[in-house]
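**Student:** To start, I am sharing the structure in question, which I have written as structure tokens.
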Amino acid sequence: MPVCDAYRQLAVTKLFCDATPPKLRNFVADPSKGSRHNRGCAVDLGLYDLKTGKPVEMVSGYDEMTDRAFPDYPGGTSRQRWHRDLLRRAMEAEGFTVYEEEWWHFDYKDWRKYPILNKTFEELGGK
């Protein structure tokens, strides 16, 4: 599964919000509240074909700010919906729930218990 977004420091969430037109802000986190990504408890991901190495076609594109992004959007092809639902079932089996406005966004259970972080990957010990 290609991971498109996971942990994000709070400063980046502020930049995203400032760059998003007001009418589309329901698709981005409110920096005054922090996000699940800022807590390290969210992941945005999709599926890819092992044979081709290409992403599997879903009902919408990743980060598409339209109704097609909703996890229960009824449109698209039956195959696209099947792939979207397969991803959801796999993530739910591991303790994640899908975000109500994005089929690709999953939150880990108990995410509210984790602190909002504004640390870089280097500060967290990443590379």
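The values are calculated or read from the model by the stated rules, or taken from the named source; none is laboratory data. What you are looking at is a predicted structure, and each value in this text was computed from that prediction instead of being measured. Glycine gets a Cβ as well: all are built from the backbone with ideal geometry, and neighbour counts include every protein chain shown. Heads up: the accessible areas ignore ligands, DNA and RNA and are worked out on the full protein's heavy atoms, side chains in. Shrake-Rupley method; radii C 1.70, N 1.55, O 1.52, S 1.80 Å.
**Student:** For the chain: lysine pairs with Cα atoms under 16 Å, gap of 8 or more or different chains, count?
**Tutor:** For the chain, the number of qualifying lysine pairs is 4.
**Student:** Right, something else. If you count only protein heavy atoms with a 1.4 Å probe, what accessible area per residue comes out for the chain, rounded to a whole Å²?
**Tutor:** 63 Å²
**Student:** Right, another one. To the nearest 20 debye, what is the magnitude of the charge dipole of the chain about its Cα centre, counting +1 on the Cβ of each Lys and Arg and -1 on the Cβ of each Asp and Glu?
**Tutor:** Here the chain has a charge dipole of around 160 debye.
**Student:** In the chain, what percent of the accessible surface is made up of carbon and sulfur (1.4 Å probe, ligands and nucleic acids excluded)?
**Tutor:** Roughly 54 percent of what the probe reaches on the chain is carbon or sulfur.
**Student:** Okay, moving on. List the residues, sorted by chain then number, that are 5 or more residues from Tyr48 or on another chain and whose placed amide H is less than 5 Å from its amide H.
**Tutor:** HN-HN under 5 Å from Tyr48: Val56.
**Student:** Using a 1.4 angstrom probe with every protein chain in place, what is the largest-first accessible-area order of Arg25, Arg112, Arg84?
**Tutor:** So the residues, ranked largest to smallest area, are Arg112, Arg25, Arg84.
**Student:** Take every Cα pair under 8 Å in the chain that's 6+ residues apart, average their separations, divide by the length, and report that relative contact order as a whole percent.
**Tutor:** It comes to 28 percent, rounded to a whole number.
**Student:** Let me ask you something else. Once both axes come from the Cα atoms, what is the angle between helix 10-19 and the longest principal axis of the chain, in degrees from 0 to 90, rounded to 10?
**Tutor:** 60 degrees
**Student:** Continuing with this model, one more query. Which value, in Å² and to the nearest 10, is the accessible area of Ser32 when all protein chains are kept and the probe is 1.4 Å?
**Tutor:** 100 Å²
**Student:** Compute the acute angle (0 to 90°) between the alpha-carbon long axis of helix 78-92 and the principal axis of greatest extent of the alpha-carbon atoms of the chain; round to the nearest 10°.
**Tutor:** Roughly 40 degrees between the two axes.
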